[in-house]
Structure formats: C-alpha cells, structure tokens
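Chemist: Sending over a structure as structure tokens; questions will come in a sec.
Every read-out reported here was derived from the displayed coordinates using simple, explicitly stated rules and does not represent laboratory data. As the structure is a computational prediction, the values presented were derived from the model and not from experiment. Positions of Cβ are generated from backbone atoms using ideal geometry, with glycine treated the same way; all protein chains shown enter the neighbour counts.
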Amino acid sequence: MELKKSNKIFVAGHHGMVGSALLRRLETERFPNLLTCGRSSLDLSDESGAAKFFAEAKPDIVILAAAKVGGIKANNDYPVEFLLDNLRIQNNVICSAFQSGVRKLLFFGSSCIYPKLAPQPIRETALLTGALEPTNEAYAIAKIAGIKLCQAYAREHGANFISVMPTNLYGPNDNFDLETSHVMAALL
Ligand SMILES: NC(=O)c1ccc[n+]([C@@H]2O[C@H](COP(=O)([O-])OP(=O)(O)OC[C@H]3O[C@@H](n4cnc5c(N)ncnc54)[C@H](OP(=O)(O)O)[C@@H]3O)[C@@H](O)[C@H]2O)c1
C-alpha cells in the first residue's frame with residue numbers, strides 16, 4: 001500500500017526513542033495528518049480506552065512503537081510486566097486497529113525473538129526453532145505473539161499488518177537509566 005500525504009497516521013509511543021524518531025521523520029517529510037496521544041491521556045493497556053480512541057480517531061495507518069521496553073536487567077527482574085504489559089498493549093492496538101478499519105499497521109518486534117543459539121547471521125526461518133535467551137524470554141514471547149497476531153489478521157482477513165525486527169537501537173530520547181536501559185545507552 002502506497003503511503004499518501006493525506007493519510008492519517010497514528011504514531012503510538014511518540015515520546016519514546018523509536019516513535020519520536022519516526023514522528024520527526026514524518027514531520028520533516030511534511031505529512032500533515034499525524035496523530036499522537038501520550039500515555040497520560042491514553043493508556044494503551046486499557047482495552048476499552050484503546051477501542052474508544054480508535055473508533056473516534058479512525059487512523060488510516062498505525063505505527064505501533066508503544067511497548068514496555070528495557071535492557072537485560074529490567075527484563076530479567078520483571079518478566080511478568082514485560083510479558084503482560086506488552087501483550088495488553090499490542091493486543092489492544094492491533095485488534096482495535098482492525099476493528100476501526102486501519103489500512104496498514106507496523107508492529108515492532110525485536111531480534112531477541114530468535115533462538116539464543118540461532119546460526120549467524122540470523123535468518124527469518126530461525127524463528128521458533130530453538131530456546132530463547134532466558135533473561136528476556138518473557139519480552140520475546142510477547143513480541144512473537146504480536147508478530148503472529150499480525151500474521152493471523154493478514155491470513156484470516158487480508159489485513160496489511162506487518163512487523164519489523166530491529167536489532168539494538170540508540171539515539172535521541174533513549175533511556176539512559178542504568179537500571180532499565182539497553183547496553184548501548186548504559187555505555188553512553
Ligand atoms: N530500543 C531498541 O533497541 C529496540 C530494539 C528492538 C525493538 N525495539 C522495539 O521498538 C519499539 C519502541 O522501542 P523504544 O526503544 O522506542 O522504547 P521506548 O523509548 O521505551 O518508548 C516506548 C514508548 O511506549 C510508551 N508506552 C509504554 N507503555 C504504554 C502504555 N501502556 N500506553 C501508552 N504508551 C505506552 C512509552 O510511553 P512513556 O513515554 O509515557 O513511557 C514510550 O513513549 C518497541 O516495540 C520495542 O520493543 C526497540
């Protein structure tokens with residue numbers, strides 16, 4: 001599907017590193033119809049709140065960069081939150097997007113979805129062929145569920161919902177907290 005300047009694009013997680021970078025790029029490219037909503041006014045883990053937002057705002061395109069994100073320590077210390085928060089956010093956004101007629105959705109997976117001992121360089125076919133890295137297993141399982149939900153909507157309903165798998169990212173608006181940040185941000 002071609003991106004049109006008139007498209008209403010919802011960037012979920014626009015205060016975060018990835019969401020803010022994509023928003024800056026879309027603003028630079030002069031997309032006039034950008035939609036954002038911070039967590040203080042819309043908690044995407046709230047199913048009815050998310051459904052209401054999508055039904056009223058009716059975006060054409062969704063960039064789903066809202067997630068519970070953290071480094072090795074946070075992932076290892078809080079597997080319940082990394083599993084549940086991410087499942088809730090992504091389920092609510094992906095399902096509401098489908099129900100409100102969103103034409104394209106981009107979901108952010110992560111390279112940690114692949115088995116810990118996957119042959120390098122990692123191929124997409126390595127998914128679900130072996131055990132995950134235990135420290136971020138909960139987060140990776142949530143991400144795999146999000147990817148599979150997008151694929152299921154595509155297969156069952158023809159939805160144009162796709163996923164990308166970034167490796168380690170760093171940049172403006174990164175999290176530099178030593179307890180919760182990724183390795184690169186912690187080193188910086
Ligand atoms: N960073 C990396 O190296 C990396 C690598 C691979 C994949 N990814 C993926 O890329 C995506 C974006 O990551 P990021 O590094 O940009 O993370 P981030 O900087 O932590 O940003 C996440 C954003 O999600 C928002 N958010 C969290 N819970 C929410 C909720 N319940 N309701 C509404 N908004 C909520 C946060 O809001 P607040 O600002 O209010 O906290 C924040 O703006 C994630 O899916 C992540 O898994 C990132």
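Chemist: Students often get this wrong: which residues of region 135-152 have the backbone nitrogen under 14 Å from the point 7 angstrom along Cα-to-C-beta of Leu117?
Modeler: None, by backbone N distance to the label point.
Chemist: Pick out, in residue order, every one of the trypsin sites (Lys or Arg not before Pro) in region 64-138 that is DSSP loop and has at most 11 other C-beta atoms within 10 Å; say none if there are none.
Modeler: Counting only loop positions with at most 11 other Cβ atoms within 10 Å, the trypsin sites (Lys or Arg not before Pro) in region 64-138 are Arg123.
Chemist: Measure nothing but the geometry: give the 0 to 90° angle between the long axis through the Cα atoms of 79-99 and the longest principal axis through the Cα atoms of the chain, rounded to 10°.
Modeler: Orientation of helix 79-99: about 30 degrees from the principal axis.
Chemist: List the aspartates and glutamates whose Cα lies under 18 Å from the Cα of Lys73, skipping any in the same chain that are fewer than 8 positions away.
Modeler: Counting by Cα, and skipping residues close in sequence, Lys73 has these aspartates and glutamates nearby: Glu81, Asp85, Glu133, Glu137, Asp174, Asp177, Glu179.
Chemist: Whole number please: convex hull volume per residue of the Cα set in the chain, in Å³?
Modeler: 129
Chemist: Sticking with this one: Helix 47-57 against the longest principal axis of the chain: what's the angle in degrees, Cα atoms only, rounded to the nearest 10?
Modeler: Taking the Cα atoms of the chain, the angle to 47-57 is about 40 degrees.
Chemist: Hey, got the Cα dimensions of region 1-98 along the principal axes, in Å, largest first?
Modeler: Per principal axis, max minus min of the Cα coordinates gives 43, 28, 27 Å.
Chemist: Further question: Between Phe107, Phe31, Phe82, which gets the highest mean-square fluctuation from a Gaussian network model of the chain, Cα cutoff 10 Å?
Modeler: Residue with maximal mean-square fluctuation among Phe107, Phe31, Phe82: Phe31.
Chemist: Aspartates and glutamates near Lys8 by alpha-carbon distance under 15 Å, same-chain residues fewer than 8 away left out - which ones?
Modeler: Reachable aspartates and glutamates: Glu27, Glu29, Glu56, Asp60.
Chemist: What order do you get for Arg25, Arg30 when you list them from fewest to most C-beta neighbours inside 10 Å?
Modeler: Exposure proxy ranking, most exposed first: Arg30, Arg25.
Chemist: Set the Förster distance to 22 Å, then compute FRET efficiency between Asn76 and Glu124 from the Cβ-Cβ distance, nearest 0.05.
Modeler: 0.25
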